[in-house]
Amino acid sequence: MDSPQFEDRMAKILFPKEEILQRVKVIAAQITTDYTQNGFAKDPKDRPLLLVGVLRGALVFLADLARRFPIPVEYDLISVSSYGNGTAPGAVRLVKDLEKPIEGRDVLLVEDIIDTGYTIEYLRRSFTARNPASFRVCTLVDKVARRETPTTIDYTGFALEEDEFIVGYGMDYAELYRNLPYIGVLKTEWIG
Ligand code: PRP
């Protein structure tokens, strides 16, 4: 029988739980400093930083990150989907929008992984058109090797040079492995 945490299906554990949580702590501290001391907060009404998680992969990262802030933050969730084969490369569709307007707010988009860059650039266009006070991007993993369109990332947990198939800590293969506490490289025999 498989271990409950599927370690036998991993070619390697890339980032163990402790390393991820330590990195999340450092990122939350940096964001806090930037928005409280470095002038990144631009909302004229001084409302809390709004974290926006991109479903479904960012859910685990967002939950851990949000709980590390010593300052008030709010969060909302959106859902997007890539169009399938036969459409323009990088075409993205909004599946579930934000609950509230973001005009005048300080918005920090939270992703689990940035790959080609198309999703984040679609969201950047969609969000900046709504006139937030500021818009920045945070990702746990930046898969640099797969980039197809230029993008700016303000906070990165881990930059990944190799194009490896990673799962865990929100990231899935066929909807499995999202709840693993670590990030691992799936053995090719488990990629069907
Ligand atoms: C992943 C990830 C990003 C997107 C990045 O989502 O969460 O939203 O892919 O890819 P890109 O840079 O090539 O656009 P996915 O489509 O796997 O859905 P999920 O979050 O539900 O797992």
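Applying a DSSP loop filter and a limit of 10 other Cβ atoms within 10 Å to the trypsin sites (Lys or Arg not before Pro) in region 1-91 leaves K45, R67. The residues neighbouring R47, those whose beta-carbon lies less than 9 Å from its own, together hold a net charge of -2 under the Lys/Arg +1, Asp/Glu -1 convention.
Mean residue ellipticity, 222 nm, helices only, the chain: the sum of -39500 (n - 2.57) across DSSP H runs of n ≥ 4, divided by residue count and rounded to 500, is -6500 deg cm²/dmol.
Between amide H atoms placed 1.01 Å from N, distances below 5 Å from D106 occur with D43, L50, A133, S134, all of them 5 or more places distant or on a separate chain. For the residue pairs K12/K96; K12/K42; K17/K45; K17/K100; K96/K143, alpha carbon separations beyond 31 Å are given by K12/K96; K12/K42; K17/K45; K17/K100.
Computed across region 68-192, the Kirkwood hydrodynamic radius from all distinct Cα-Cα pairs reaches 16.0 Å. If I compute solvent accessible area with a 1.4 Å probe over the protein chains, what percent of it on the chain is carbon and sulfur? Taking all protein chains in place, the chain shows 50 percent carbon and sulfur surface. Lys and Arg at +1, Asp and Glu at -1: add these up for the other residues within a Cβ distance under 15 Å of S79 and post the number. Once all neighbours under 15 Å are counted, the net charge is -3.
Placing dummy labels 7 Å off each Cα toward the beta-carbon, the span from T116 to A29 is 3.8 nm.
In the calculated pair-distance distribution of region 20-69, the portion above 11 angstrom amounts to 71 percent of the Cα-Cα pairs. For q values of 0.19 Å⁻¹, compute log₁₀ I(q)/I(0) with the Debye formula on a Cα-only model of region 153-192, without solvent. Debye output, listed in q order: -0.60. Take every pair of alpha-carbon atoms less than 8 Å apart whose residues are at least six positions apart; their mean separation over the length of the chain yields a relative contact order of 24 percent. Summing Lys and Arg as +1 and Asp and Glu as -1 over all other residues whose Cβ lies under 11 Å from the Cβ of D172 gives a net charge of 0. Averaged per residue, region 63-124 has 52 square angstrom of accessible surface, using a 1.4 angstrom probe with ligands and nucleic acids left out.
Distance from the Cα centroid of region 98-126 to that of region 144-179 is 16 Å (rounded to whole angstrom).
Computed from the C-beta positions of Y75 and A159, the FRET efficiency with R₀ = 22 Å rounds to 0.35.
Taking a ≥ b ≥ c as the square roots of the Cα gyration tensor eigenvalues, with a/c under 1.5 meaning rounded and otherwise prolate when a/b beats b/c, else oblate, which class fits region 1-116? The shape class here is oblate. Can you bin region 99-148 into rounded, prolate or oblate? Criterion: square roots of the alpha carbon gyration tensor eigenvalues sorted a ≥ b ≥ c, rounded for a/c under 1.5, prolate for a/b above b/c, oblate for the rest. Cα axes put region 99-148 in the prolate bin.
The GluC sites (Glu not before Pro) found in region 88-192 that occupy coil by DSSP, while having at most 15 further C-beta atoms within 10 Å, are E99, E103, E148, E161, E162, E164, E175.
For L55, the residues whose modelled amide H falls within less than 5 Å of its own, excluding neighbours fewer than 5 places apart on the same chain, are I78, S79, V80.
The values are calculated or read from the model by the stated rules, or taken from the named source; none is laboratory data. It should be emphasised that the depicted structure is a prediction, and the values quoted were computed from it without experimental measurement. FYI the Cβ positions are ideal-geometry reconstructions off the backbone, even for glycines, and counts take in every protein chain you see. Just the protein is used for accessible areas: all its heavy atoms, side chains included, with ligands, DNA and RNA removed. Shrake-Rupley method; radii C 1.70, N 1.55, O 1.52, S 1.80 Å.
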